[in-house]
Structure formats: C-alpha cells, structure tokens
Amino acid sequence: MEAASFTSTSQLLTAESTASFSSYSSSSQSLRFLRYKPNAKPLNCKSSRSFSVRASTDDSVVTLLDYGAGNVRSLRNAIKHIGFDIKDVQTPEDILKAKRLIFPGVGAFAPAMDVLNKKGMAEALCTYIEQDRPFLGICLGLQLLFESSEENGPVKGLGLIPGVVGRFDSSKGIRVPHIGWNALQIAKDTQILDDIGNSHVYFVHSYRAMPSDDNREWISSTCKYGDNFIASIQRGNVHAVQFHPEKSGDVGLSVLRRFLNPKSGKTQKLVQGNASKLAKRVIACLDVRTNDKGDLVVTKGDQYDVREHTKENEVRNLGKPVDLAGQYYKDGADEVSFLNITAFRDFPLGDLPMLKVLRYASENVFVPLTVGGGIRDFKDGNGRYYSSLEVASEYFRSGADKISIGSDAVYAAEEYLKSGVKSGKSSLEQISRVYGNQAVVVSIDPRRVYVKDPKAVEFRTVKVRNPGPNAEEYAWYQCTVSGGREGRPIGAYELAKAVEELGAGEILLNCIDCDGQGKGFDIDLIKLISDAVSIPVIASSGAGTVEHFSEVFRETNASAALAAGIFHRKEVPIQAVKGHLSKEGIEVRM
C-alpha cells in the first residue's frame with residue numbers, strides 16, 4: 001500500500017526547540033529521554049541535530065501519524081466522536097509542531113520502520129518523544145519504541161525503550177495471534193488507565209515486548225497471555241498501549257479521552273467489570289447482498305439458500321447493515337462481521353455500497369469489524385490488473401480491521417499441498433506479509449460426508465455423535481467454494497493446517513449442514529479443527545439457544561462463537577448469551 005509522501009528532515013533542522021510542555025504532564029516527573037544504547041546506536045535516531053519548530057496551540061486538534069497501512073479510519077472516527085479534529089502528518093515538521101501526537105501503528109514491524117526511515121519520520125519522532133511531549137502509541141506504535149523486533153528480523157526499532165519484541169510462544173498452550181478481549185494488571189498510576197483495571201480491552205497481535213529490569217520503570221500495565229507481557233508504558237507525557245482503544249468500546253474511548261483532554265475530568269462512568277483473563281468472544285455476523293431491487297440488505301441463509309420459499313422467491317431481508325451493526329455494538333457484540341455475498345465478480349473495487357457500509361458503520365461501532373467476499377486478484381473490464389493486496393487495502397481504508405478470505409484460500413491451500421512450496425503470490429500470503437497474520441481470517445465452508453470406513457478416504461475423519469443416514473459412524477468434511485456450490489478435493493482438517501502455514505491468523509469455521517438449522521454448532525467439526533491448529537478458531541453455523549454457546553466453549557477449543565439469524569430475528573439477545581455464559585463460569589466481556 002502506498003504511504004503518504006513526506007518531505008525530508010534536512011529542511012527542518014536548525015536550533016533547539018522552543019516549545020514547552022510542562023503544563024501537560026500527567027506526573028510530577030519532568031524529564032528528557034536518553035535513548036537506550038546497550039551496544040550500538042539505534043537506527044536512524046540521530047542526536048547530532050536539533051529541531052526548531054514551535055508547537056501548535058490549538059487545543060481541539062490532535063496530530064495523527066498515519067503512515068499508510070491498515071485501518072486507521074476507526075481511530076479517526078473515535079477521535080472525532082470524542083470531539084477533536086485531526087491534523088495528518090505530511091512532513092517531519094508536522095510531528096515537531098504537534099501539541100498531541102498519536103501514532104497508530106498497524107501491520108508488520110519491518111515495513112513500518114522502512115516507511116519511517118525513508119520518509120524522514122524516525123528522527124523527528126525520536127526528538128518529539130525525547131522532549132517529553134504528549135504522545136500515544138497504539139499497538140505497533142508501542143512496539144516500534146523498543147530496540148528491535150524478531151518479526152521478519154531482527155529489525156531495528158527506534159531504540160527508545162530497552163527490550164526486543166518477540167513472538168508469543170505457542171508451545172505454552174496459547175493460540176497465536178493473541179486475538180480478543182483480555183484483562184490488564186495495572187502496574188502504576190497513570191491517568192489514561194484510571195478506572196479500567198477491571199475491564200477487558202481488545203488485543204490483536206502476534207508479537208509482544210516482555211518486562212525486564214531495564215524497562216521496568218516504563219511499564220504501566222501488563223497482560224497475562226502465556227507469560228506477562230507489556231500491555232502499556234508511560235513515562236512523563238509519553239504513553240503507548242499494546243491494545244486498541246479505538247476497538248475497546250466505551251473503555252477504549254475513555255483511554256483516548258483522558259489522553260486528549262487530561263484536565264477536563266469529563267469521562268464517562270464505566271460499568272465496573274470483573275475481567276481476569278482472555279474472554280470468549282460473541283460475534284454478530286451480517287450476510288450482506290443486494291436484493292432484487294438493488295438495495296443492500298442483511299439476509300440469512302438456510303443451508304446457504306438466502307431466498308424466501310414463496311411465489312416471489314425474493315431475497316430474505318432482515319434489515320439495513322449499518323443500522324444492525326450499530327445496534328449489535330450497543331447490545332454488546334465483541335465483533336461485527338460483514339460477509340459480502342453480492343455477486344461482484346467482475347469488479348470488486350467497484351462494489352461501492354459495501355465500502356460505504358464499512359465507512360458508515362465504523363463511525364459509531366468501536367469494536368472490531370471483519371469483512372469478507374471478493375478479496376482476490378482480478379482484472380477489470382478494461383484489462384487493468386488489481387492484486388488481492390490492493391483489494392484488501394481498500395477494505396482496510398474503509399474501516400475493516402480484518403479481512404476474511406474464502407474460495408481463494410482453498411485454491412492456495414490445494415496448490416501448496418500439491419507442490420509443497422509457498423509461492424508467496426496467493427492473496428493469503430500477500431496480505432499476511434504486509435498487514436500481519438492477525439489481519440487475515442480464512443473462512444472455511446465444509447459439508448459433512450459420511451463414510452462407513454475411515455480408511456476409505458484420504459482425508460481426516462472423525463467419529464460422529466449422530467450417525468449418518470445409513471448408520472455411518474464416521475465422516476469427513478469436504479471443503480467448498482463459490483458459496484457452497486462447488487465441492488473441492490480437500491478436507492477441512494487439511495485446509496486448516498495448510499492455511500495456518502500460509503499465514504492465516506484466524507479461522508472462521510462454518511458448516512453447511514448446520515447453517516440456519518438452530519440445532520447447535522457442529523461440535524465434531526469444531527473440535528477437530530480447533531485441536532488441529534494453534535491459531536484462534538471461530539465457531540459458526542447452527543446456534544439456536546444460549547446453551548449452544550456454552551456447549552461449544554466447554555467441549556471445544558473455540559475462541560469465539562458467531563451467530564446471525566437468531567440475533568437478526570431477536571430470538572436470542574446478545575446479552576442473554578453473555579449472561580448465560582457468565583453464569584456458567586465462562587469469562588466474557590460484559
């Protein structure tokens with residue numbers, strides 16, 4: 001994805017900065033930062049020059065360092081929701097003029113550092129932070145402050161905080177990426193984290209920085225996931241968080257509010273939670289397509305058939321996607337997933353209504369948004385080629401936090417299993433490489449195939465709870481493409497293992513047989529896949545009662561459960577599901 005154009009730092013370097021920020025300090029500590037130099041000078045943070053730039057005096061403006069990767073629209077919307085205007089960084093001088101600077105790092109460590117260095121941002125950013133000026137780094141914006149990262153590396157960081165960013169260790173029984181709502185352990189008083197110690201916040205990352213004696217004075221909170229990792233840092237006016245406040249609902253908005261306006265004291269009273277660990281997620285799914293009148297509507301299939309069984313045979317219409325997404329956010333959904341099942345096979349980027357849905361939904365929905373459908377390489381009617389990476393980038397720019405790949409992932413897995421070689425050219429591999437595997441969900445649409453003898457097929461089988469029509473005790477799960485219309489010679493088990501190796505960060509596991517039936521999730525299938533992979537698995541298809549959710553969480557290793565029709569038709573409210581899970585001793589975000 002093309003980053004914004006910045007001018008050279010050489011145009012800006014003169015005498016010492018004249019700006020003063022002591023009145024903003026959230027602690028009594030007044031400091032200038034010394035870059036950490038254990039053995040060598042950190043990359044591109046030169047102290048031989050100084051800057052002469054006066055800070056902005058506009059209290060209603062926050063400066064945003066958006067280097068052009070991932071979904072920053074949600075953060076923009078959150079800032080505007082709180083009542084602040086945004087000035088985008090176009091030159092290094094804009095960093096130095098900032099009264100408040102937010103750096104929402106998105107994607108992978110190496111490309112981010114590459115952009116900062118090539119555009120002259122690294123030195124200006126170091127200077128700004130060393131002057132103890134109001135700064136908030138988010139996710140990768142925290143990690144880049146450290147010495148280096150092991151992600152596609154080692155890759156040198158800004159070197160302001162001692163430590164190396166490393167990958168979570170899945171051998172400790174945790175799923176990587178760390179995706180979902182987890183609890184914080186507050187290490188010291190810091191104004192932006194006031195009142196959120198008992199609440200869940202949203203994380204999505206595969207790499208983390210670890211506490212050490214060298215960086216302990218920076219740490220303001222930690223989070224337990226396998227080990228205790230650094231969840232936030234604070235020193236003077238400099239803050240950074242590993243979680244996403246713009247995706248953490250009211251709790252996250254409170255964090256942003258306290259950073260942007262620390263003197264106001266006007267923060268929304270938060271509902272006190274009892275967060276202690278990673279919560280199980282409840283996800284609302286919206287199948288979106290055009291009806292016969294050309295309107296974009298939310299629909300729901302019965303074993304993937306979305307048309308009413310009437311004379312008119314019209315598309316089942318369950319509401320407007322933006323309105324429903326907003327309602328599910330208010331109802332407590334942990335994520336909202338849009339599946340674009342409109343036929344736009346000729347020109348995905350021209351599917352403007354779906355992009356508008358994302359843009360409008362992200363204005364008032366401050367939990368993660370996932371979108372799937374049409375994310376692949378293609379040529380338009382004029383013969384112009386678009387890579388799947390360009391298509392995904394358009395979705396990210398429009399408000400998506402994660403993209404879901406279906407059929408294209410099946411084809412990529414088939415080729416990989418056949419050749420044993422990762423081509424690096426599939427949509428799954430391209431997007432994962434640039435945005436990180438945590439941004440890529442693979443949606444699997446299998447159909448149950450019963451067999452009497454498990455040795456009769458080459459695919460992994462399971463002994464099923466409910467025998468087949470001819471008393472078969474075993475089944476394998478055949479993957480399909482094109483919305484379930486075409487079966488492929490690959491099983492769900494084999495596909496899941498392959499896409500994990502190709503870079504998927506999460507699996508959305510559907511079941512055509514259970515879709516729309518309301519009889520419960522396919523426990524046999526979900527257990528098979530969630531036991532086979534080390535990435536999170538979302539259970540989908542078949543929920544009809546609150547008990548179905550507790551069943552899938554008790555009997556499988558699913559990290560989340562998704563439903564659609566029962567929420568659309570108001571048969572089972574989201575809060576009823578969460579209340580039931582909580583009573584059953586299953587941790588959820590309330």
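The values are calculated or read from the model by the stated rules, or taken from the named source; none is laboratory data. For clarity, every value in this text was computed on a predicted model and none was experimentally measured. As a convention, Cβ positions derive from the backbone with ideal geometry for all residues, glycine included, and neighbour counts pool all protein chains shown. The protein model used for the area step is the full one, side chains on, heavy atoms only, and it has no ligands, DNA or RNA in it. Shrake-Rupley method; radii C 1.70, N 1.55, O 1.52, S 1.80 Å.
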Next on the checklist: Ignoring ligands, DNA and RNA, please state the percent of accessible area on the range 498-590 from carbon and sulfur, probe 1.4 Å.
Outcome noted: 46 percent
Checklist entry - Stretch ASN466-GLU501 to full length: gain in nm at 0.36 nm per residue minus the Cα-Cα span? => result 9.4 nm
Checklist outcome for this item: For LEU286, other-chain or 5+-apart residues with amide H closer than 5 Å (H placed, Pro excluded) are SER337, PHE338, LEU339
Item to check | Amide hydrogen neighbours beyond the local backbone of SER404, cut-off 5 Å, H modeled | outcome: VAL371, GLY372, GLY373, VAL441
Checklist entry - What does the range 396-444 give for Rg and for Dmax, in Å, if only its C-alpha atoms count? => result 11.3, 36
Item to check | Heavy-atom accessible area ranking, 1.4 Å probe, most first, across SER60, SER149 | outcome: SER60, SER149
Checklist outcome for this item: Along the range 509-519, Karplus-curve 3J(HN,Hα) (6.51, -1.76, 1.60; θ = phi - 60°) to the nearest Hz, with x for Gly and Pro, reads 9, 8, 8, 4, 4, 8, 4, x, 8, x, 9
Checklist entry - Put a dot 7 Å past each Cα toward the Cβ at SER170 and ASP250; how far apart are the dots in nm? => result 3.7 nm
Checklist entry - Non-local amide H neighbours of VAL451 (under 5 Å, H modeled in plane, Pro and chain starts lacking H): which ones? => result TYR474, ALA475, TRP476
Next on the checklist: What number comes out for accessible area per residue over the range 393-533 if the probe is 1.4 Å? Units Å², please.
Outcome noted: 40 Å²
Item to check | Largest-first principal axis extents of the Cα set of the range 66-111 (Å) | outcome: 33, 25, 13
Next on the checklist: How large is log10 of I(q)/I(0) for the range 153-266 at q = 0.10, 0.12, 0.17 Å⁻¹ when the intensity is taken from the Debye formula with one equal scatterer per alpha-carbon?
Outcome noted: -0.29, -0.42, -0.85
Item to check | Exposure of ILE535 as accessible area (Å², to 10), given a probe of 1.4 Å and all protein chains | outcome: 0 Å²
Next on the checklist: So with the 1.4 Å probe, I'd like the accessible area per residue for the range 135-191, rounded to whole Å².
Outcome noted: 32 Å²
Next on the checklist: Bin width 10 Å, origin at 0, all Cα-Cα pairs of the range 454-590: what percent of pairs per bin?
Outcome noted: 11, 39, 35, 13, 1
Item to check | Relative contact order for the range 168-207, counting Cα pairs under 8 Å that sit 6 or more residues apart, in percent | outcome: 52 percent
Checklist entry - Under the Kirkwood approximation applied to all pairs of distinct alpha-carbon atoms, what is the hydrodynamic radius of the range 362-461 in Å? => result 15.5 Å
Next on the checklist: Please report Rg (one decimal) and Dmax (integer) in Å for the Cα set of the range 48-185.
Outcome noted: 16.0, 51
Checklist entry - Short version: ³J(HN,Hα) in whole Hz for each residue of the range 471-476, in order, from phi by Karplus 6.51 cos²θ - 1.76 cosθ + 1.60 (θ = phi - 60°), x for Gly and Pro, what are they? => result 6, 5, 9, 10, 8, 10
Checklist outcome for this item: Under the 7 Å Cα-to-Cβ spin-label approximation, GLU390 and ASN152 lie apart by a distance in nanometres of 2.0 nm
Item to check | P(r) tail fraction, the range 135-193 - alpha-carbon pairs more than 13 Å apart, % | outcome: 72 percent
Next on the checklist: For the range 96-138, take N as its residue count and report Rg(C-alpha) divided by 2.2 N^0.38 Å.
Outcome noted: 1.15
